[in-house]
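Novice: Before I ask anything, here is the structure I am working with.
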Amino acid sequence: MLTNYILNTDCVKGMSMLPANSVDLTITSPPYDDLRKYNGYSFDFETTARQLYRVTKVGGIVVWVVGDATKNGSETGTSFKQALFFKECGFCLYDTMIYRKQNYVPLSHRRYEQEFEFMFIFSKGRPKTFNPIMVECKYAGTTTWGNSLFHKTNDSGLVNCGVKKINDYKRHGNIFTYLTGKEKPINGKKHPAPFPLQLAKDQISTWSNIDDIVLDIFMGSGTTAKAAIELNRKYIGFEISREYCEMANQRIK
């Protein structure tokens, strides 16, 4: 199958050209609600979700980065509706992760500041790949004790197995914090809502292996493709806006 290209086309039409069960990982962020203007384009969500299920390999993953607009005093809940529909298509909602913006933009409204988006992790069956990101333990090398160190004996009593040494590293939690707005302009222009390059790299390294195929159906300015190249994965991208498609291809060059 042809890889390492970004095609200027609608995502449904683009995915219709891909074989079934051919993509290891999709990471993408749709033009949700009306929070941003994407050159006036919209998309057919339900057909898109069904096509994503068709092209995803058994054991493959879709990372769906999405948020909600607030209209008439209420959040739309579009993200939750989409998550439930993905489940109707056959996906498992494997994890609900948070993309937290370290430098979110303060707004004038009667709410706490909106500083995160969802990263829904959908799997087609049991994920075939999981390469967890590890972080240093704050109290590495020290010891602890607690209920987890007590074990039942044959006479239903408890025996203290002693103290436990805290490991040097542990798995990252499912809230990831990133600086936003670091993307450099391409030919003097920037995409209105790129997600951070490190976000793409973290998800790609977690859910795929070298030479796997990574898809982004709303490629925008090419962040997913750039991350895939740097991590030795193959990529496929679709972008309906000619302007953004040219921007992405220029970025890849």
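The values are calculated or read from the model by the stated rules, or taken from the named source; none is laboratory data. What you are looking at is a predicted structure, and each value in this text was computed from that prediction instead of being measured. Because the Cβ atoms are built from the backbone with ideal geometry, glycine has one as well, and the counts that use them run over all protein chains shown. When the accessible area is computed, the model is the full protein with side chains, heavy atoms only, and any ligands, DNA or RNA have been set aside. Shrake-Rupley method; radii C 1.70, N 1.55, O 1.52, S 1.80 Å.
Novice: Tell me which residues come under 5 Å, amide H to amide H, from Ile133 once H is placed; ignore anything under 5 positions away on its chain.
Specialist: Under 5 Å from the amide H of Ile133: His172.
Novice: If packing is taken as the mean number of other Cβ atoms within 10 Å per residue, what is the order of 166-172, 1-7, 116-122, highest first?
Specialist: Packing proxy ranking, top to bottom: 116-122, 1-7, 166-172.
Novice: Which order do peptides 227-237, 127-137, 8-18 fall in by mean Cβ count within 10 Å, highest first?
Specialist: 227-237, 8-18, 127-137
Novice: Return the subset of Lys57/Lys101; Lys13/Lys81; Lys201/Lys253; Lys165/Lys201; Lys57/Lys170 for which the Cα-Cα distance in this structure is over 27 Å, preserving the input order.
Specialist: Lys57/Lys101; Lys165/Lys201; Lys57/Lys170
Novice: What accessible area per residue, rounded to a whole number of Å², is obtained for the range 1-144 using a probe radius of 1.4 Å?
Specialist: For the range 1-144, the solvent-accessible area averages 55 Å² per residue.
Novice: Could you give me the ³J(HN,Hα) list for the range 124-132, computed from phi with Karplus coefficients 6.51, -1.76, 1.60 and θ = phi - 60°, whole Hz, x at Gly and Pro?
Specialist: 9, x, 6, x, 7, 9, 8, 10, x
Novice: With θ set to phi - 60°, apply the Karplus curve 6.51 cos²θ - 1.76 cosθ + 1.60 along the range 229-239 and write out the HN-Hα couplings as whole Hz, x wherever there is a Gly or Pro.
Specialist: Values per residue, Gly and Pro as x: 4, 5, 9, 6, 10, 8, 9, 9, x, 10, 8 Hz.
Novice: Tell me, what % of the accessible area of the range 72-131 is carbon and sulfur with a 1.4 angstrom probe?
Specialist: Carbon and sulfur together cover 51 percent of it.
Novice: OK, next. Name the aspartates and glutamates eligible as straight-distance cross-link partners of Lys124: C-alpha to C-alpha under 18 Å, and not fewer than 8 places from it in the same chain.
Specialist: Within reach: Asp24, Glu46, Glu88, Asp95, Asp212, Asp216.
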